[in-house]
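Engineer: My structure is below; once you've seen it, I'll send some questions.
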Amino acid sequence: MRILKQLFEQNQNWARKIKSSDPDFFTKLSEQQNPEYLWIGCADSRVPANEILDMLPGKIFVHRNIANLVIHTDLNCLSVIQFAVDVLQIKHIIVCGHYGCSGIKAAMDNQEHGLIDNWLRNIKDVYRYYQEHINALNSEQEKFNLLCELNVIEQVANVCHTTIVQNAWKAGQELTVHGWIYGIGDGILKDLDVCVTCPDEISQIHRIK
Ligand code: CO
């Protein structure tokens, strides 16, 4: 091994530590995964799903991208949702944003950032929908925090609008979509109280018969 030897050493220590408290841990996990949760979060290194929830491998199915976006045509994210809902039969989809998100920050300025501008434009759309509400706030910090929250709320709606989630509800599958936000400054999760459990709770425009 030429490089990053340290990381392999850390990995071996980690695996050893888990095995010392549960010798069959990896053997049991290698047979199947049975997570109850799908986490859709930001790629930010400070927001690791398993650590925040204090969960070992096997407990949570994870998809992360910049600013935890659920884009209607993102085959990557949609495939994760479909696999999680149809195959793993997870019960909860958690969209988790975080305060201080650099993706959200970048979407609030008028600079050019390269290729990523095409991704960030989805956040600008959220800003545009809620601009009156956001611009009514006094400080830049408050505006930034609110857009971080509103972005989560919009992504929760996007998850619910997928045919994947609506078909699962139609089939009587128990499935709840949650919107949470994480404080990188204190390590605490906040529920944004936008939990959706059935098609009656989504906009009429998006409801599939
Ligand atoms: Co972020």
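Quick note: the coordinates plus some simple rules give every number you see, no bench work behind them. The model shown is predicted, which means the values in this text are computed figures rather than measured ones. Cβ sites come from the backbone with ideal geometry, for glycine too, and all protein chains shown count toward neighbours.
Engineer: Provide a single number: the residues in region 103-123 that are part of a loop (DSSP other than H, G, I, E, B), over 15 Å from residue 134 (Cβ atoms) and within 16 Å of the ligand (Cβ to nearest atom).
Structural biologist: Going through region 103-123 one residue at a time, the tally reaches 2.
Engineer: Restricting to region 152-186, give me the number of residues that are closer than 20 Å to residue 44 by Cα and either over 16 Å from the mean Cα position of the chain (by Cα) or of a type in the set (Phe, Trp, Tyr) (or both).
Structural biologist: Narrowing region 152-186 to residues closer than 20 Å to residue 44 by Cα: 152-156, 178-186.
With the extra rule that they be either over 16 Å from the mean Cα position of the chain (by Cα) or of a type in the set (Phe, Trp, Tyr) (or both), the set shrinks to 180, 182, 185-186.
Total meeting the criteria: 4.
Engineer: Then there's this: Scanning for something touching a residue at least 24 places away in the same chain (Cβ under 8 Å), farther than 14 Å from residue 158 by Cβ and within 12 Å of the ligand (Cβ to nearest atom), does region 77-94 turn up at least one residue?
Structural biologist: no
Engineer: Now for a separate question. Conditions: (1) free of Cβ contacts under 8 Å to residues at least 24 places away in the same chain; (2) touching a helix residue (DSSP H, G or I) at 6+ places or on another chain (Cβ under 8 Å); (3) of a type in the set (Ser, Thr, Tyr). Residue 139 meets all but one. Number of the miss?
Structural biologist: (2)
Engineer: Scan region 72-83 and give yes if some residue there is in contact with a strand residue (DSSP E or B) (Cβ under 7 Å, 6 or more places away or on another chain), part of a loop (DSSP other than H, G, I, E, B), surrounded by 14 or more Cβ atoms within 10 Å (Cβ to Cβ) and not small (Gly, Ala, Ser), otherwise no.
Structural biologist: So far as region 72-83 goes, no, none of its residues is in contact with a strand residue (DSSP E or B) (Cβ under 7 Å, 6 or more places away or on another chain), part of a loop (DSSP other than H, G, I, E, B), surrounded by 14 or more Cβ atoms within 10 Å (Cβ to Cβ) and not small (Gly, Ala, Ser).
Engineer: Can you report the number of residues in region 166-182 which are farther than 17 Å from residue 36 by Cα and surrounded by 14 or more Cβ atoms within 10 Å (Cβ to Cβ)? Walk me through it before giving the result.
Structural biologist: Residues of region 166-182 farther than 17 Å from residue 36 by Cα: 166-167, 170-171, 181-182.
Filter once more, so that each one left must be surrounded by 14 or more Cβ atoms within 10 Å (Cβ to Cβ): 166-167, 181-182.
Residues in region 166-182 being farther than 17 Å from residue 36 by Cα and surrounded by 14 or more Cβ atoms within 10 Å (Cβ to Cβ): 4 in total.
Engineer: Let me ask another. Determine whether region 42-56 contains at least one residue that is away from the ligand (no atom under 16 Å from the Cβ) and either more than 28 Å from residue 164 (Cβ to Cβ) or in a helix (DSSP H, G or I) (or both).
Structural biologist: Here is the first cut: in region 42-56, the residues away from the ligand (no atom under 16 Å from the Cβ) are 50, 53-56.
Then drop every residue that is not either more than 28 Å from residue 164 (Cβ to Cβ) or in a helix (DSSP H, G or I) (or both), which leaves 50, 54.
Taking every residue of region 42-56 in turn, at least one turns out to be away from the ligand (no atom under 16 Å from the Cβ) and either more than 28 Å from residue 164 (Cβ to Cβ) or in a helix (DSSP H, G or I) (or both).
Engineer: Can you name the condition, by its number, that residue 150 falls short on among (1) without any contact (Cβ under 8 Å) to a residue 24 or more places away in the chain; (2) surrounded by 12 or more Cβ atoms within 10 Å (Cβ to Cβ)?
Structural biologist: Evaluating residue 150 over (1) without any contact (Cβ under 8 Å) to a residue 24 or more places away in the chain; (2) surrounded by 12 or more Cβ atoms within 10 Å (Cβ to Cβ) leaves (1) as the failure.
Table: residues versus (1) among the small types (Gly, Ala, Ser); (2) more than 13 Å from residue 158 (Cα to Cα); (3) assigned to a loop (DSSP other than H, G, I, E, B).
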| residue | (1), (2), (3) |
| --- | --- |
| 169 | no, yes, no |
| 174 | no, yes, yes |
| 177 | no, no, no |
| 184 | no, yes, yes |
| 190 | no, yes, no |
| 194 | no, no, yes |
| 200 | no, yes, no |
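Engineer: Going by the conditions given, is residue 100 assigned to a loop (DSSP other than H, G, I, E, B), among the small types (Gly, Ala, Ser) and more than 16 Å from the ligand (Cβ to nearest atom)?
Structural biologist: Details: assigned to a loop (DSSP other than H, G, I, E, B): yes; among the small types (Gly, Ala, Ser): yes; more than 16 Å from the ligand (Cβ to nearest atom): no.
Against the criterion (assigned to a loop (DSSP other than H, G, I, E, B), among the small types (Gly, Ala, Ser) and more than 16 Å from the ligand (Cβ to nearest atom)), residue 100 does not qualify.
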